[in-house]
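Take a look at the structure set out below.
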Amino acid sequence: MAALQQQSAIKGAKVLMVGAGGIGCELLKTLALSGFEDIHIIDMDTIEVSNLNRQFLFRRSHVGQSKAKVARDAVLRFRPNINIRSYHANVKNPEFDVDFFKQFDVVLNGLDNLDARRHVNRLCLAAEVPLVESGTTGFLGQVTVHIKGKTECYECQTKPAPKTYPVCTITSTPTKFVHCIVWAKDLLFAKLFGDKNQDNDLNVRSNNSASSSKETEDVFERSEDEDIEQYGRKIYDHVFGSNIEAALSNEETWKNRKRPRPIYSKDVLPESLDQQNGSTQNCSVTDGDSVVSAMPSLGLKNPQELWGLTQNSLVFIEALKLFFAKRKKEIGHLTFDKDDQLAVEFVTAAANIRAESFEIPLHSLFEAKGIAGNIVHAVATTNAIIAGLIVIEAIKVLKKDEDKYRMTYCLEHPSRKMLLMPIEPYEPNPACYVCSETPLGLEINTRKSKLRDLVDRIVKAKLGMNLPLIMHGASLLYEVGDDLDDIMVANYNANLEKVLSELPSPIVNGSILTVEDLQQELSCKINVKHREEFDEEKEPEGMVLSGWTPSPATNGESASTSNNEIPVDVTESSSGSETASKKRRLSEIEPCNHKKETENVESEDDDIMEIENPMIVSKKIRVE
Amino acid sequence: MDGEELTEQETALYDRQIRVWGAGAQRRLSKSHVLVSGIKGTVAEFCKNIVLAGVGSVTLLDDRLVTEEAFNANFLILPDENAYAGKTVAEICCDSLKEFNPMVHVSIEKGDLSTLGVDFFEKFDVVIIGYSSRATKKAVNEKCRKLKKRVAFYTVDCRGSCGEIFVDLQNYNYTKKKLDETVECELTFPSFEEAVSVPWKPIPRRTAKLYFAMRVIERFEETEGRKPGECSLFDLPGVLKLKKELCEGNSVSENHIPDSLLERLVSGNTEFPPACAIIGGILGQEVIKVISGKGEPLKNFFYFDAEDGKGVIEDISQ
C-alpha cells in the first residue's frame, strides 16, 4: 500500500534538476531508475575530458557537447519512455524566473558553486518549491532539505566568503605556495596577458627610473620590435630580481622574516636559449589541433614531476614566448583558465620561481594547477551515494513525509559507527536576511564611498544579487534591467559615480536602504551607519556588512590547514569558519574525531585544502 | 613505487580522483583484477564505480538470461528486446561497462559459482558475491581463504530499501596517519561462516537489527530451498516462526528483531534504486581503499536502511 502510494507520488511528480555534472549524472540515472517520469535539467557546461572519470553518462566522443543534452540522451537509452527536457543554459538566465520554478514539485541541486546555489535557493523560496541541496568533495558529501517556513533555507547558515589574502602577503611577504600562485595568476599573468586597464598591485616601475619622474614607463610595455626572449628576460629580472631587491631595502619588513633571494635570469639560464631548444619555430609540429604547450620542446612530460629552478625558468621564458608567438591576438583579453595548458605552465613556473626566492617548497604542475584552478577533488562513489540520498529525500518531500526529512552527511571516517549520518533538519533562522525580514547593518564612510562601491562590493559580491534595484525612501537610486530607457540608464550611471552622501536622495548615517532583486524576488533592508575610518588590512573593502557573513578567517594565516577539519559539513567551510551555532550543532552530534588522521591524500599539500572547497570557492581569489 | 608511471592519457582522465588518492594508488588500481558475480542493481552500481575508477580488469559472472525482471534498477541493461534476447546478464552488462572506460578490461566467465575450483579465484585480487545463497557465499569464501595470496572477499545484498555488505580481508595490514606519525595497523577478519554464526546473546544490544533480520531471511531461504531474494509477503508467517525459533535458540527476546523489518525484507524482492546507488557506492569505495592500501577498511558488516537513512558499520566477530 505504502509502496503504491510512493510509486504514484513519483510518477506524478515534475522535478527540476540543476546541474548535470558529477552529482547530476548519478542523480538523473537514479531518478529514472526510481520511476520518475518528468525530469527537467539545466546545465550551462559542456563536457571535458577530466569529467569522464565520474560523469559516467559521457564518453570521449561527447567532449565539447552540452552536459544536459548528452545526459538526457544517455538516460533515455535505458528508460526510453520517460520525459526528460534539457536546457543548455545558465540557471541565472531570466527565463528561469519564479513562474518557471513554480511548475515543479521539487528542485534538486547538483551544483558546483555558491553563487548559483544561492540564486536557486532564493527562487525556490519565492516560488515556494521545496529544494534538496547537495555537495561533495573527495569522500565527503551532504544532502539537505529546504522547505520555506519549515526548515532552514540554504542561506540560514552563514557561508564563508571566498578566501582573500592581504595585499601585502601577496605582493611582498608570501609564506605559502598558494600566495605565490595568487601572485602569479592574479597579478603577473593578469598584467602580462590580461586587460591592461584593470587595477593591478604589481610593481611595474623599474628601480632606476622610479625616482626620476612619476611618468616612468611601465616595464611591462613591450616595444614593437623588441625580441620576445629579451622581453621575457626583462620581465623575469624585474619581477624576480629587482623587485625583490627593492623590497629588501625596506629593513622593517624583514625584521622578523626570512629575507628573500633575488633571482636574475643570467644566473639561471644560458645567455641565449635559441640553440638549446627549438622553441617557437620548431614547435609548429604540435600546432593545429593540439594545444600550445611549452613542455614538449623542453623535454618535459610528466605533470607530476617537480621542476627545479632552471626548468621553471625555462618554462617561464618559453611559455611567455609562445603566448606572443602563437596567441598574440588573445593578449590583453586573457583571464586565467585551469584548462588553458600554456597558462597553467606559465603560472606554475612563475609561482615556483617566486617560491624559490622565498624558500617556500616548490610544487609540480599537477599540484599547482589544482591550487590555481580551485580544482575540486571528485570521485564517482561519493557522487553516487549522494545522488541516492537526494532521491530518498525527494520522495519524502513528494509524499509530504515531514517528520522524516533529514539532512545527511557522508563521512570518510565513521562517527559513532556511521558512515552515512542523518540529522533532523533545522528550523529557519529568524535572523536570516534571505528567508526572514531581518535588516542587515552596513558600516560605511558615506562621505567617501560611491554608490558603485556599494553595488559591486555589497549588493553583488556579498548579497549575490543578479539584477539589483536600490531604493532609499521613495527614491529609486539604481536599477538594472532590459526595459529601462536611455535617460534612466544615464541617470543611474551618474548615480554610480556619486559619493553616497551626495546622491539625489543622500545616504547618511541612519539611512535605511531597500535592496531588491526582481528575478530572485528577494528584498532586504540595510541600516546604514556612517564610519570614518577602516583598517586597510582587516577591512580592505572599506565597509563592513553585519547580519550577513561573519567570516572570521579571511586571512590565509589564521585558517586551518587540514583537509579533515572540514568535520562533516562540506558546503560549510574548509577553513574553520563555522559560526558558533554551527559548532554547537556539530558537537551535539559528535562528529568524527579524526581531525588529524589524513590518509587519503598523498599528492596533496595543505595549501590546497585551504582554498579547495567546491561549494565556497569563487572563480577568483580576491586580492584587494 | 610500483615502477611505471601513469600515461598522459591516464593522468588527464583520472585527474580529479588522483587529487583524492594520489598517483600511487591509481597505479595500484590499474593493476588489480576484480571478479563480480550476481549482477542486479547494487552490483551494477558497484561495477560502474570501479570501472570508472580505473581498475585493471573486471570479470563478470552471471549466466541468467536477461528478462524484463533483470533490468529493474540495472541501468547496464538496455530495454531493447532485440538486443538482449538470448543473452546472459553478464554478456549485456559487459558491453555497457566497456563503454564507461576503454582503459579497463571487462570480460565474462561462465559457470556456476559454487562449482568453480579454488584455482579459478587465484586470478583475482577482489571477489564480489551478489545475491547468493548462504551456502554459496560460504563455499566461495572458503576457497578464497585457501589461496596463498590474499583475495579480498565481499558479499552484497539489497532487499527493498535495505542492504548488507560483508567483508573478509583475512589478515589485513594498512597504514594510517595519526598526527604526524604513520601508524601500522593490523586487522583480523572472521570468515563468512564465522561471522554469521556468532551467538546473538553477547552481541551489543544497539547493533543494527538488520544483521539479525538478514540472518533470519538467509536461513529461511536456505531451509525452504528458495533462490536468494525469492520471498514474498506470503512467506511472512513462516519467516516470523523461524525468527521465534532462532531468537529462542540464541536466548534473546523476540523483540530483538522487529516484525515490521522482516515484513519489509520479505516483500522487498525488487531493489530500491537509491539504495542500490548508496550501497554500490560504499562497496566501491571500500574496494578502492583496499586495492590502494589507503585508509581503514570497514570491518566487517555495513548496513543501510533508507527508512532511517543510517549507514552503519558493525564489527561482528567472535
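Derivation of every value follows stated rules applied to the coordinates shown; laboratory data play no part. Bear in mind the structure is a predicted one, so any value in this text is a computation, not a measurement. Glycine also receives a Cβ, built like all others from the backbone with ideal geometry; neighbour counts cover every protein chain displayed.
Some values worked out for this structure:
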item	result
Translational diffusion coefficient (Stokes-Einstein; Kirkwood radius from C-alpha pairs) of the stretch B:237-279 at 37 °C, 0.692 mPa s, in µm²/s	279 µm²/s
Amide H partners (placed H, <5 Å) of B:G295, local residues excluded	B:T175
Where Rh is the Kirkwood radius over Cα pairs, Rg/Rh for the stretch A:341-433	1.22
Filter on A:K301/A:K321; A:K185/A:K460; A:K148/A:K525; A:K92/A:K450; B:K143/B:K177 - keep pairs with C-alpha separation over 25 Å	A:K92/A:K450; B:K143/B:K177
Sites B:T223 and B:K123 - FRET efficiency at Förster radius 41 Å, r taken between beta-carbons, to 0.05	0.75
Full-stretch length increase - A:Q103, A:S501 - with 0.36 nm per residue and alpha-carbon distance subtracted	138.9 nm
The stretch A:1-92: relative contact order as a whole-number percent, Cα under 8 Å and 6+ apart	32 percent
Where labels lie 7 Å past Cα in the beta-carbon direction, separation of B:E307 and A:K328 in nm	7.4 nm
Förster-model FRET efficiency, 25 Å R0, B:K110 and B:F234, C-beta, rounded to 0.05	0.15
Percent RCO, i.e. relative contact order, over the stretch A:440-546, from Cα pairs under 8 Å lying at least 6 residues apart	41 percent
Share antiparallel - DSSP beta bridges, the protein assembly as shown, percent rounded to 5	60 percent
All aspartates and glutamates inside 14 Å of A:K102 as judged from Cα atoms, apart from same-chain residues fewer than 8 positions distant	A:E128, A:E521
Longest to shortest principal axis, alpha-carbon extents of the stretch B:117-237, angstrom	57, 39, 26
Using θ = phi - 60° and Karplus 6.51 cos²θ - 1.76 cosθ + 1.60, couplings along the stretch A:184-198 (whole Hz; Gly, Pro as x)	5, 8, 8, 9, 5, 4, 4, 5, 6, 10, x, 5, 5, 7, 5
Filtered trypsin sites (Lys or Arg not before Pro), the stretch A:498-529: DSSP coil and at most 16 other beta carbons within 10 Å	A:K498
Rounded to whole Hz, the Karplus (6.51, -1.76, 1.60) HN-Hα couplings of the stretch B:174-183, x for glycine and proline	8, 10, 9, 8, 10, 6, 9, 8, 9, 9
Amide proton proximity set for B:V58, modelled H, under 5 Å, gap of 5+	B:V34, B:H105, B:V106, B:S107
Extent along principal axes [Cα atoms of chain B; Å; largest to smallest]	60, 58, 38
Chain B, relative contact order [Cα under 8 Å, separation at least 6], %	20 percent
The stretch B:197-267: equivalent-ellipsoid semi-axes (sqrt of 5 x gyration tensor eigenvalues, Cα, Å)	20, 12, 11
Estimated FRET transfer efficiency when R0 is 30 angstrom, pair B:A12-A:T335 (beta carbons, to 0.05)	0.85
Span per principal axis, largest first, for the Cα atoms of the stretch A:87-205 (Å)	59, 32, 24
Computed label-point distance, nm, for sites B:A135 and A:E521 using a 7 Å Cα→Cβ extension	6.4 nm
Semi-axes of the equivalent ellipsoid for the stretch A:120-179, Cα gyration tensor, largest first, Å	36, 15, 8
Paramagnetic label zone (point 7 Å from Cα along Cα-to-C-beta, A:A89; backbone N under 18 Å) in the stretch A:24-50	A:39-46
Derived scalar couplings ³J(HN,Hα) [the stretch B:25-37; Karplus, 6.51 cos²θ - 1.76 cosθ + 1.60; whole Hz; x for Gly, Pro]	5, 5, 5, 5, 4, 5, 10, 9, 10, 10, 9, 10, 10
Per-selection Kirkwood Rh - the stretch A:440-546 (Cα, Å, 1 d.p.)	13.9 Å
Inter-site label distance for A:D199 and A:L484 at 7 Å from Cα along Cβ, in nm	2.2 nm
Inter-centroid distance (Cα atoms) of the stretch A:431-485 relative to the stretch A:71-150, Å	27 Å
Distance cut-off 20 Å, percentage of C-alpha pairs in the stretch A:287-382 lying past it	38 percent
Contour minus Cα-Cα distance for B:K87 and B:E99 (0.36 nm per residue)	2.5 nm
Percent of Cα-Cα distances greater than 38 Å, calculated over the protein assembly as shown	50 percent
Difference of contour (0.36 nm per residue) and Cα-Cα distance, A:S436 to A:D267	54.6 nm
For A:R531, residues with placed amide H under 5 Å, excluding near neighbours	A:I444, A:N445, A:T446
The stretch A:1-83: mean projected area of Cα convex hull, nm²	5.3 nm²
